């Protein structure tokens, strides 16, 4: 096989149709690749957590008294790398033709940081390795989530994010367990042999990916029957409008094309413009809380089971399986969120956390019943977190669509989905820092019982705060006693954006007008339409449309 053919196979940049095109550009493969990429990123971030205290002493020659200080510095350095890289890579991804290249850059950074951890034997090298690791996380998360949004249909966003969240929770929970066990049994080098193994598999998956936008050049356009002799291009346009498999990015651009006025792209970066949206701020607040709750257990749970149940390090790590296993239901919860909207799923999840956290005060003795109770409670907490996470993640992209509909063209030609997920990444990372610090401080200052009680009331507060803007600003149709599914609030054939789960535009009231001509009563929507022979879209008032028919 010629070298150019091999290069084209992995890059997707060949004149001839790439091999396995349908599979490599399928939503299933792209979601699996992004989910595994995020799993690898979080796994390699957390796998060094139990190893660093020993590496700092044995390799970097740090004194025992200084270990805690340097670990805190490395935590801060990772956060700094992530905070700097997330908006930068988000901007780059939103202003390049394809997202595949920046997605690969993140993996290169991750491999470089892992190599530095392997060979590093001084503080400067280890600190720089942690900094680059933070930058790689900023790239992989931002570009990967935006790639998912570009790929999946608009009505499957939350379900897709459910699969991604499995990679997130599995990586963050398995990392410390694997790192501690492998380091204890096989040594420092073995930890990074595992790391490079998963990186190698990740590289292959990312090289095989062909984006939907790139695959279109080899895909035949869907055939449209021309039975009535109408213009074929008009029929194709109508077919695309009615396509339920259209992704949210294409739907947004189509809606923009139908707008009468387009604004120039704002000079203010989209990442700052989005902070003006209440819906975006609400979803970021939910993300911070989810990150805080999930990661707080990393700081306090191992010490708790060691003190109460006399668990060793392996048993303390295995207790996290009670939180990981429920994440498998995340795609199902995402599907429910896509169908009914995320509001009551998210609000109920945080509300249910209050009694669950209070009940965590009960396991107090090293007996089988108390151990089983703790595992059951952790399982339930993991379940409600998994139930709310897909909806919160999909809210990020939907808030971009709402902003774009209010100001068409403000985010430029490519939109701002990557920059929006840069905000998500920052919010999750902020929660990942606040959770362990707050949990550890409260556990030491006021004890386990008071700490879990406080976290429970924080969840209750979150449920009351987020009810207003989760799924868009609340309306009477969102109330439980008068609830109307988002999919039932619009008529078939409306623009796909209006049918998005929880979209505020989907809850608008229909404007109707009636005319009695021959005993017929007509009801129409105020909608955008294109008059025959007119190249530009025009706005047609529903009342005029009916009056024209009656005359």
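Just one of 82, 107, 75, 44 is modelled with pLDDT under 85 and assigned by TED's automatic domain parsing to the domain that holds residue 135; which is it? Show your work before the answer.
Values: 82 fails: modelled with pLDDT under 85; 107 fails: modelled with pLDDT under 85; 44 fails: modelled with pLDDT under 85.
The conditions single out 75.
Write out, first by first residue and then by second, each pair whose Cβ atoms fall under 6 Å of each other, whose residues are 6+ apart or on separate chains, and whose first residue, in segment 357-372, is at negative phi while the second is surrounded by fewer than 13 Cβ atoms within 10 Å (Cβ to Cβ) and not in a helix (DSSP H, G or I).
Between residues of segment 357-372 that are at negative phi and residues that are surrounded by fewer than 13 Cβ atoms within 10 Å (Cβ to Cβ) and not in a helix (DSSP H, G or I), the close pairs are 366/310.
Quick test for you: out of 126, 168, 174, 118, pick the one residue that is within 15 Å of residue 196 (Cβ to Cβ), in the same structural domain as residue 422 (by TED's automatic domain parsing) and either in contact (Cβ under 8 Å) with a residue 40 or more places away in the chain or surrounded by fewer than 21 Cβ atoms within 10 Å (Cβ to Cβ) (or both). Before the answer, list the steps.
Values: 126 fails: within 15 Å of residue 196 (Cβ to Cβ); 168 fails: within 15 Å of residue 196 (Cβ to Cβ); 174 fails: within 15 Å of residue 196 (Cβ to Cβ).
Answer to the check: 118.
Looking at segment 24-38, is at least one residue in the same structural domain as residue 167 (by TED's automatic domain parsing), more than 14 Å from residue 147 (Cβ to Cβ) and part of a helix (DSSP H, G or I)?
Initially, segment 24-38 is screened for residues in the same structural domain as residue 167 (by TED's automatic domain parsing), giving 24-38.
Then drop every residue that is not more than 14 Å from residue 147 (Cβ to Cβ), which leaves none.
The answer is no; no qualifying residue exists.
Checking residue 142 against (1) touching a residue at least 12 places away in the same chain (Cβ under 8 Å); (2) more than 18 Å from residue 31 (Cα to Cα), only one condition comes out false. Which one?
Against the list (1) touching a residue at least 12 places away in the same chain (Cβ under 8 Å); (2) more than 18 Å from residue 31 (Cα to Cα), residue 142 comes up short only on (2).
Given the condition at pLDDT 85 or above and on the phi > 0 side of the Ramachandran plot, answer yes or no: does some residue in segment 284-299 qualify?
Taking every residue of segment 284-299 in turn, none turns out to be at pLDDT 85 or above and on the phi > 0 side of the Ramachandran plot.
Does residue 409 qualify as being closer than 30 Å to residue 305 by Cβ and either in contact with a strand residue (DSSP E or B) (Cβ under 9 Å, 6 or more places away or on another chain) or in the same structural domain as residue 297 (by TED's automatic domain parsing) (or both)? Show your work before the answer.
Numbers: closer than 30 Å to residue 305 by Cβ: no; either in contact with a strand residue (DSSP E or B) (Cβ under 9 Å, 6 or more places away or on another chain) or in the same structural domain as residue 297 (by TED's automatic domain parsing) (or both): yes.
Taking the combined requirement at face value, the residue does not satisfy it.
Please list, ordered by first then second residue, the pairs with beta carbon atoms under 7 Å, 6 or more apart or interchain, first in segment 293-307 and in the same structural domain as residue 319 (by TED's automatic domain parsing), second modelled with pLDDT under 80 and in a helix (DSSP H, G or I).
Taking only residues 6 or more apart or on different chains, the pairs are 302/316; 305/316; 306/316.
The values are calculated or read from the model by the stated rules, or taken from the named source; none is laboratory data. Note that this is a predicted model, so its numbers are computed, not measured. Note that we place each Cβ from the backbone using ideal geometry, even for glycine, and neighbour counts take in every protein chain shown.
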